[in-house]
Structure formats: C-alpha cells, structure tokens
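The values are calculated or read from the model by the stated rules, or taken from the named source; none is laboratory data. Worth saying up front: this structure is predicted, and the values here are computed from it rather than measured. Here the Cβ positions follow ideal geometry from the backbone for every residue, glycine too, while neighbour counts run over all protein chains shown. With ligands, DNA and RNA removed, areas are computed over all heavy atoms of the protein, side chains included. Shrake-Rupley method; radii C 1.70, N 1.55, O 1.52, S 1.80 Å.
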Amino acid sequence: MRFRLKRDELYAVLVILPSILLLAVFVYGFIAQTFRVSLTDWGQTAALSLQPEINYVGLSNYADLFGGFLNIRFRQDLTNMVMFTVLFVGLSLATGLVLASLVDNLIWGETVLRTVFLYPMSLSFVVTGTVWRWLLQPRGGINLLPTLVGLRAGQFLWLSSRDQQLTFDWALLPHYAVVALLALAAVMAGAAVLRRRRRQAAAWGAAAAMAAAVVATGLSRRWQLLPYSEAHGFSTALWGVVLAAVWQMSGYTMALYLAGLRTVPDELREAAYVDGASRLQIYRHVELPMLMPITVSAIVILGHIALKIFDLIFAMAGPDHAPTSVPAITMFLKTFRGNQLAVGAAIGTILLVIVSLLIVPYVVTQYRGDGGGRA
Amino acid sequence: MKRRPSLFSVAVQTLAVLLAVAYLIPVYMTLNTSLKSPAEINLPTAWQLPSELNWASYVTAWTRFAPYIKNSLILAVAATLISAGMGALNGYVLCKYPFPGSAVVLPLIVFGMFIPYQAILVPLFQFLQRTRLYGGLPGLILVHVVYGLPITTLLFRSFYAEIPDELLNAARIDGAGFAGVFRHIMLPLSGPPFLVVAIWQFTQIWNEFLFAVTLTRPDAQPITVALANLAGGQAVSWNLPMAGSVLAALPTVAIYVFLGRYFVRGLLAGSIKG
Amino acid sequence: MTRSMMVKLAALALILALACVPAGAAVSGNLEIFSWWAGDEGPALEALIAKYEATYPAARVINSTVTGGAGVNAKAVLKTRMLGGDPPDTFQVHAGQELIGTWVVAGRMEDLTFLYEEEGWMNVFPAGLLKLLSTDEGIWSVPVNIHRSNVLWYVPENLNKWGVKVPATWQEFLEIAPTLQAKGVVPLSLGENWTATHLWECVAVAAMGPEKWDQLWAGKLSWKSPEVIEAWKLFGEVIKYTNADAPSLSWQQATDMVVQGQAAFNVMGDWAAGYMATTLKLEPGVGFGWAASPGTNGVFVMLSDSFGLPVGCPNRENAIAWLKMLGSREAQDIFNPLKGSISARIDSDMSLYNKYLQSAAADWRTNVIAGSLAHGVVANERFMNDFATVMEIFLQTGNAEAAANAAEAVAIQSGVITR
C-alpha cells in the first residue's frame, strides 16, 4: 500500500509534468523574452531583416512611453483603459445583479429570459463589434429609436465623439496622488478617532499632516511627470464601447449571481419570512451578503477582460481612432505597422504588469497553500 | 417556497420582459439588415423591415465561409478535447496527489489564463516558426491547448475537490492505482464538469481573434478572421457582414441556447470557487 | 508546297513547341500571392489569376487575402511570416517608401532590374514612376496600376440645384461652404481616420505646391516651416465643414453622402469612381462628376499597387512568371478597368476604360506627379503609423503649431529627415 502510493505519486508528477513544462515555456519563458526585447531598440531602419541589428537600451522605451512628447496617444490609451474598466466592471455587476434578481423572482419564462440575457456572451467580440458598429452609427441605429415612438432622434455621436470629460493634467499625476493620500489619511484618522483607537488615529493624522504640508508648500506640484501640461480625460466615445461590452458580458454576471442566489438555502429565507421580514428585507439582509465572494471573483474576471480588451474596439471603431484606443491596440499598431517591435514589447509588458496588479493578489489569496485542493 | 402573484411579481415580470426585448434589439437589427438588398440599406431606414427578403447574402456568406467554418470546427473540437483531457488529469493530480511544490505550482498555472496575449505574441510566433508549426491548424491547436490548460485544470480541480477522499481510499484498498482510481472513480463522475469545461473552451476558441489572425495562413484561417475580412475589407454594404455574423455566431449561440443550463449550473462550482 | 518548305514548317513547329513547352513546364506547382484585395477589388485580382492559370496550366495559385483593420491585419500577417523567414512567393505592397522603407532596407527583396531589362519595361513605365520603385541599388517591384489620390467628387445635378460651382481652390470652397451649410447640406463629407490623412495630403499639396511637397519628403523643407503650418491651418478650416460623424463612416459611406445629396463634395482617391460606376451603377460624368481636388489642378498625386519578389520565396520561378505577366500590357488592361484604376504603362488601350479613367490617363501623361502620403508612396511605415497620432492630436486640439512640431519629431525619429 505504501509502496503503491509512492509509485502513484510518481505517476501523478509524470502526468502533470508536460503541462507544467508547456506553461513554463509559453507563459513564463515568452514573458521573459518579451521583456528582454522591450529593453532593446529593435525597430530601427532594418527592423525586419532576418538578422536585425538590435542594441540594448535599458528602460528608455518605457521612459519614452510615459514621458515622450509623441506618446501622448499611449497615455490617453492608459486613461481610456482605466475608465473603460471601471465603467464596464461596475455596470456589468449592477446590470447582472438586477437581471439575476429579476430572473430569480419570475413567475414564468425563466428559461427563455435567462437564455436571452446570456446569449450575447456566446458571441465573439468581432461579431459584437461588427453589429454594434452598425447600431451606433450616429445618423442611424439606436439614435433613431426615439423616432419610432414619435420623439426626436438622438444626437449623441457615440464612437465618433471627440469630447473629453473629467480632464486632468498628466504632468500633475503625483500631485493628484498626494491629494488622494491626504483625503484617505484624513478619513482614516477620523474613523480611528470615532473608534477611539488613539495610536491609529495618530499615525493616520501624521500621514495626513505630511501630505497636507507637501501640498501646501507646492512641493507636490513641482514633481511633474512632463515638462509641460498635457490634458487627458474620459473620452465620451467610450460610452459606445461600454454599452456593447456590458450588453455582451452582463449575462455572465447574471449567471454568476443567479447561481449564487440559488445556493441560499430555502430554510434561511423561510426563517426570515417567519420572523416577519418583507421580500425586500430578505433580499437585502439574507441574499445580498451571500453574493459578496461572487462579486470579488466577478470583478477579477471582468476586470482582466476589460484591461485586455482588443478585438471589440478593433472591430467597432477601427485601430486608428484615438478616442477609443487602448494599449493593446497601440501595441498591435506599433509592432506590426510601425515596425517598432521593442516599443510594442514594452507596451505588452506594461499591460502585463497592470493586469498582474489585479490578478496576482487574487490568485495568491485564492490558491496559495491550497495544493491539496480541499476547497 | 411558492408565493401568489402579487403586484411585486407582476412588476418584476414586466421589467424582465422589457429588458429582454432590449437585449434582442441587436438580433433584430442584424437579421433585418442581413435580409435587405444592398440598395435598400440606408442609415435613416435602418429599422424598417426589408421590402422583400434577400437571401442572397446568406448564400454568398455561406459559400465564402464554409471552409473557414470547417477550420474553426476542427480547431475548436480538437483543442477543446485535448485541453479538457489534460485539464482533467492535471486537476486530478493537483487535487488528489499533491506533491512537494504543488501549492506553488497551482497559482503559477492559474496566472497563465489571465495574461494579456500581447505580452507573449512576438516570442510565440517566433517559436512556432522555428518549430515549423506556424501557419497551420496543428500550431493553432497547440496554442489554444496550452493557453487553455490553466482554466481547464482549475475547473476540474474544483470539481474533483467535491469528490470525497474516502471514495478514493476505498478504491485503493480494492487495489486500484493512480490510473485505476481515475478510470473507475473520477471519470464516471466527470460528465457534468466536462460539459461545463467543453462549453467554455469551445466558445473561447471559436471566438478567438488575435491568435487566429496572426498565426495562420489563409487556408487554415478560422471563422473570426474570415468575418473580419468580410466586414473590414472593401465590402461596401452591411448585408454581407451581418449575414456573416449570423453564420459565425450560430454554433456558439446554439450551444448556449440548448446547453445554457449546464453552463449556469457549472459556473458556481467552477470558476468562482477556489 | 515544296518538300523543303514542309521541312522548314515542321522544324518551325518543333521549335515553337520546344519554346512553349518548357516555358509552361517550368512553371508548375504552387504560387502564393499575398494581398489585401477582397470585396469589390477581388474580381480584378481573380481575373489576373485566371489569366495566369490559363497561361501555366500546371501551376496552382494560392490567393492569400487578408483584409480588415484598415490594412493593419494584412501587415500583421505578412510581417509575422517574414520575421519567421516564411515569405509568400509575392506580395502586394504600395510602391514607394512602404516597400523600400520596410522591406528593401531590411534586405528582404530581390532586385528586379533584370526583369525590367529582359521585358523592355524601362521605356514603357514613366520615368517618375520608376524612380519611386527604385533605389540606387535596384528596382524593387512591378506596378500593376495607378490610382489618383487628389480627386474631388460631386453630383453635377445637385450642385446646379444648390447653385454652387466646383471650387477651383480651397478659398473658393470656404466661400461657398456656409451657403451649403445654410441649405442643410454638409459641404464636404469625410470618413474614418485614414480618410482624414488622405484629405490632409490633398490640402497640403494645394497649400504648398508639388515642389515644396517633394522637398518635404526629401528632408529639404522643415515640417515646422511656415508653409507646413499654413497647410495645417487651412486643413483646420476645411474640416470645420465636414460631417461630425466622420469616424463612424467607411469611405464608401462618405461617398454615399454625396450620391444621396446629403453632402456636396468628397475628396477621395479614384477608387471612388469604381465604387460609383460599378457598385452604384452611376454613369461617369452624369451620375457623378469629378475635378482635381481644390488647388491641385495640373498635379497628379499618385499611388500604385505593386508586387515584389521576396528573397527566399519558395517558388521563385513561378513568382517571376507572375511578375512578368503583371507588367505586360495585356494583363494591365485586364486588371485596371475592373479595378477602377489606370494602367501604369504608357501604351495601354484606352478604349477599354470608362470616361473617368480616360480623363485620369490623360492627366497622368501631362500633369506634375506627386507621391501620396496616406498610401505609402512618400513616407515609410513608421512615419505613417506615428502620423496617424499626429493627426489625432490635431483633430483633438486643432493646434496647427503643435501638429507641425509633432510631425517634425516623427520625421526625425522615422528617418525621413536625416539630420
């Protein structure tokens, strides 16, 4: 028996070894290779020769992306990516929760309606993009919907819009960060005072005072990322992309929430009902709290989809439309049209780092020390 | 717990139906536009029904798409089966035969499903070129199998965690080894998880675009690339791309319509739970 | 018939047979042609393929077409393959810097001077065109067509209705534009982003003239010079009279606006004539009219599709046979009437072409020739990629000086200016 188990463990390792090796090469090996390329100048005149001349240039590609005069587009890409992610994840969660709650309380037609809300998820982003590109034509499509009931046609330009809202100065990002820290520290200090935690209150208070000092002396405004001011902001053209993406993925959050609602034991509901809780109170105090872990997973899943978004925008607005562009698209253009392979590799690496900021904490807390799989 | 229809239920029902109608708007527009003749397609009249049905777009789209649909079928079926099979074995190992370091290996595997593929694209095609796998379906199948491993491994591992160890120990006492336990205990219980994994992988692979466009020669291109060719080329009117979208979407939509229940049921067991 | 004559005839027949058979026999197996021609442009390419396969029955053509993504997809696939040392037998590429700046400098193309000499092409292609296809080291591709970029399109009947004339200069356009706007007509229709670059080049050539335009690309005129800033300013004035939904429209939809009377004018390359004549079935000169875009009368801003011979392609003999055919008068006269372009040769049979193309061919022979920026003739790919960003900066801010500064920086980084 013992011997048997030992042999089985050997088999087990042999069975999983190919997968581990493949992933070691295809994920970690290739990431390392991309990072190496991003430290070079591959992309000079004869970039596409069979033996291109490639020199090591350190981090200058990164410095240029964040501070170079011509890479204003990349910085707007980052802004777009963040804004899109926040809106897409937030609205998908909200819509999915509403849909799940509705479907959970239906009298009839649950299967049909659930399928209707879920089917967009089965489409490719290329199909969604193609269809929504047609629906969002400013002089047609959904702008004409109001006219079907006798109202005036909508005037919003959707993807063609060049308006920016919530504009900020890229050069002053450190300043904004300090102000945000100040606000956070002040709030935390206040909370600690209310809870009578003296030492915490003192620590946060000190942090707030330091941040306030940095702001008041004008020091934070002097740490500028660029030698000139450069306005970036929320491109209103993104609403169209958000709309299509939420349409496509809210069925997924609905399915997650629905599955979560179904795990709430009926006894729990019954008990609350017997205690005189109303339907809404049961929803608020019994069902919603049980959906929290699902929400965390959904944020991670949707968040990484949003940060990586490529095909949808490519098919909807084309690769050259800066108001809806994101780093993944610029990487494609720099690499394959501009022949600047090293810059493309740098953008790919930056994208990976940003996605990792979201993913690594999640993966580590969820799966570390859990090799036994007794979840 | 049954409740009588109340005002609340009626309101819920009405709202849900209205939302469903809204979700179907793109379908109406797609079918409507695909059935118009090119001359009739015009922004101001986009919502009006066609004066007469023009099925020619579907005939054209089908004749153009048939070979690419075949490519996509081969690709998606092969890659789904292989990655699901390997995922099942990996899940079994990670769940029931933890080895030294397996606690570190799991997060490292899972991380692979979240990476942006822009970060590995250039080394990937260079590797495929060097191994002479570039351009054909086998290469693309390999890529989809590898990048599908994290999710299939993770899903199967979660499913197998539900199977009590006592069951395995009983089989071991009866003399079953590593393979025997898998064959007689795990496999018979793997039907529903396999379906969930297969649905997920099939739709992901069928719908994938970035690898499809950069790693294939024309004779091996999947349907997404063919659709992008149709919609993004010099195609003039919208009827063809719309008909093409319908054809490209049919298989995966059918899966969701007919097997959606399994998918919804499996989601909680799978992707959420660690 | 005498016996000696019989012998001679037989010998002649044998020689002919020998001469023909090896030619056909040498060309067998596959020929992979990589292009981005599909949709409306597909039939023209298919006609060429049919001719090739009829000439060489033993050969099979693999037509590799990748379209979409404003041409980026095709570039991605081609570059992925070339970087891996897996070139197609021949590929479509815009004549000029798009070919030279990417592929010739990388040593990936074969010099085709031998072909030009064997086929006597040195005299049948205009010298200006040959210059664009060549460097000091050789001639790098075979052009199959000529398109004109600087054309203004309109519907004559509509202009009469609105009481406006075709503007000869942008100043005239700016004078009539408010009148058109007052009538609820968009003065100039515009499409997605590359069409803005296309319009820019037509405005810039008008603003600075073809000589200064050439100097710009030769690195002899600064991008920050007053001439260029003026061009940006004029462009800024002109786009005030374009439709707000431009980025959502394909170039065909922008053309549709003119045809349907929603817009008065459109600036687009002369593939628009093919679209209107073939797809929309309008009669050239009646259903639609044309003129050189304002301020460019006597200038022909050209672009040309061409095919080259990659180093190390798998079926070199077949590719050479294909290139030989492409350069022939017959093939060019099969391809171009279908494609809606004119032959790159000066000896083509003009009776095969429609009214618009005949007028274009006449201009091609008499006008000053300038190279297109938007379509890869004068600028390399890196410049073009970053110029799209410059254009976005300008469309967002409307600041001519900022755009000029950015363009100068792009020109230096991409090696257009080597100082």
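Numbers for the structure displayed
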quantity: Two-site FRET efficiency, A:Q155 against B:F99, from Cβ-Cβ distance with R₀ of 60 Å, rounded to 0.05; calculated: 0.40
quantity: Bridge type composition, the protein assembly as shown - antiparallel percent by DSSP, nearest 5; calculated: 55 percent
quantity: Order of exposure, largest accessible area first, which applies to A:I359, B:I69 with probe 1.4 Å; calculated: B:I69, A:I359
quantity: Check: chain B dipole with +1 on Lys, Arg Cβ and -1 on Asp, Glu Cβ, in debye; calculated: 300 debye
quantity: Integer Hz, Karplus 6.51/-1.76/1.60 couplings in order for the stretch C:285-297, x for Gly and Pro; calculated: x, 10, x, 8, x, 8, 7, 4, 4, x, x, 10, 4
quantity: Accessible area, probe 1.4 Å, largest first, for residues A:T349, C:T366, B:T60; calculated: C:T366, B:T60, A:T349
quantity: Relative contact order (%) - the stretch B:57-272, alpha-carbon pairs under 8 angstrom, separation at least six; calculated: 35 percent
quantity: Gaussian network model of chain A, Cα within-10 Å springs - most flexible of A:M292, A:M121, A:M316; calculated: A:M292
quantity: Top of A:L159, A:L226, A:L87 by mean-square fluctuation, Gaussian network on chain A, Cα under 10 Å; calculated: A:L226
quantity: 15 Å Cα-Cα reach of C:K224 towards aspartates and glutamates, excluding residues that sit fewer than 8 places from it in its own chain; calculated: C:E401, C:E408
quantity: Structure-based [θ]222 nm, the protein assembly as shown - -39500 (n - 2.57) summed over DSSP H runs of at least 4, per residue, nearest 500; calculated: -19000 deg cm²/dmol
quantity: Alpha-carbon centroid distance for the pair the stretch C:184-216 / the stretch B:126-143, whole angstrom; calculated: 43 Å
quantity: Euclidean distance between Cα centres, the stretch A:45-113 to the stretch B:60-86, Å; calculated: 28 Å
quantity: About the Cα centre, charge dipole magnitude for chain C (Lys/Arg +1, Asp/Glu -1 at Cβ), debye; calculated: 440 debye
quantity: Of C:K131/C:K165; C:K212/C:K233; C:K161/C:K355; A:K308/C:K75; C:K79/C:K131; C:K131/C:K324, those spanning more than 27 Å from alpha-carbon to alpha-carbon; calculated: C:K131/C:K165
quantity: Between 0 and 90°, nearest 10: helix C:355-366 axis offset from chain C longest Cα axis; calculated: 90 degrees
quantity: ³J(HN,Hα), Karplus 6.51/-1.76/1.60, whole Hz, each residue of the stretch B:139-147, x for Gly, Pro; calculated: x, 5, 4, 4, 4, 5, 5, 4, 6
quantity: Linear extension gain, A:M292 paired with A:D275, 0.36 nm per residue minus alpha-carbon span; calculated: 3.7 nm
quantity: Label-zone membership for the stretch B:104-135, site B:D219, 7 angstrom Cα→C-beta point, backbone N under 15 Å; calculated: B:134-135
quantity: For C:K224, solvent-accessible area (1.4 Å; no DNA, RNA or ligand), Å²; calculated: 100 Å²
quantity: Under the Karplus curve 6.51 cos²θ - 1.76 cosθ + 1.60, θ = phi - 60°, whole-Hz ³J(HN,Hα) for the stretch B:57-63, x wherever Gly or Pro sits; calculated: 4, 5, 4, 4, 4, 5, 4
quantity: A:R262, C:R81, A:R222, ranked by accessible area, largest first (probe 1.4 Å); calculated: A:R222, A:R262, C:R81
quantity: Amide proton proximity set for C:K183, modelled H, under 5 Å, gap of 5+; calculated: none
quantity: Test item: A:99-106 mean partner chain Cβ contacts at 10 Å; calculated: 4
quantity: Label-point separation in nm, B:A11 to A:A177, each point 7 Å along Cα→Cβ; calculated: 4.7 nm
quantity: Charge-dipole axis of the stretch A:238-375 as Lys and Arg at +1 and Asp and Glu at -1 on Cβ define it, positive-most pick from A:T324, A:Q340, A:L291; calculated: A:Q340
quantity: For the stretch A:155-259, size of Cβ-based charge dipole, Lys and Arg +1, Asp and Glu -1, in debye; calculated: 740 debye
quantity: Segment A:F69-A:K6, length gained on full extension (0.36 nm per residue, minus Cα span); calculated: 16.5 nm
quantity: Amide H contacts under 5 Å for C:F288, placed H, 5+ residues apart; calculated: C:E283
quantity: Options A:L50, A:V27, A:A12, ranked by Cα towards positive dipole end of the protein assembly as shown, top entry (Cβ charges); calculated: A:A12
quantity: In Å², nearest 10: area of C:R365 left accessible to a 1.4 Å probe; calculated: 120 Å²
quantity: Probe 1.4 Å, protein heavy atoms only - accessible area per residue of chain C in square angstrom; calculated: 36 Å²
quantity: Folded to 0 to 90 degrees: helix B:102-111 orientation relative to chain B principal axis, Cα; calculated: 10 degrees
quantity: Residues A:V86 and A:V353, FRET efficiency given R0 of 22 Å [Cβ-Cβ distance, rounded to 0.05]; calculated: 0.75
quantity: Hypothetical label at C:N399: residues of the stretch C:202-216 whose amide nitrogen lies under 20 Å (7 Å Cα-Cβ projection); calculated: none
quantity: Residue with peak Gaussian network fluctuation, chain B [Cα springs, cutoff 10 Å], from B:S158, B:S190, B:S57; calculated: B:S190
quantity: 5 angstrom amide H check on C:L221, placed H, neighbours 5+ away; calculated: C:L216
quantity: Inter-site label distance for A:L59 and C:V368 at 7 Å from Cα along Cβ, in nm; calculated: 5.1 nm
quantity: Within-10-Å neighbourhood charge of C:P126 [Cβ basis; K, R +1; D, E -1]; calculated: +3
quantity: Loop sites in the stretch B:11-55: chymotrypsin sites (Phe, Trp or Tyr not before Pro), DSSP, at most 14 other Cβ within 10 Å; calculated: B:W55
quantity: Values of log10 I(q)/I(0), in the order q = 0.11 Å⁻¹, for chain C under a Debye, Cα-only, solvent-free model; calculated: -0.84
quantity: Chain A, relative contact order in percent, only Cα pairs under 8 angstrom and at least six apart counted; calculated: 28 percent
quantity: Alpha-carbon centroid distance for the pair the stretch C:318-373 / the stretch A:329-361, whole angstrom; calculated: 42 Å
quantity: Dipole-positive endmost among A:W170, B:L15, C:W213 within the protein assembly as shown (Cβ charges, Cα centre); calculated: B:L15
quantity: The protein assembly as shown: C-alpha pair distances exceeding 39 Å, %; calculated: 52 percent
quantity: Per-residue SASA entry for A:L280, accessible area with 1.4 Å probe, Å² rounded to 10; calculated: 120 Å²
quantity: Inter-site label distance for C:E157 and B:L250 at 7 Å from Cα along Cβ, in nm; calculated: 4.1 nm
quantity: Debye log10 I(q)/I(0) for chain B, one point scatterer per Cα, at q = 0.13, 0.14 Å⁻¹; calculated: -1.01, -1.09
quantity: Solvent-accessible area per residue for the stretch A:32-166 (1.4 angstrom probe, square angstrom); calculated: 41 Å²
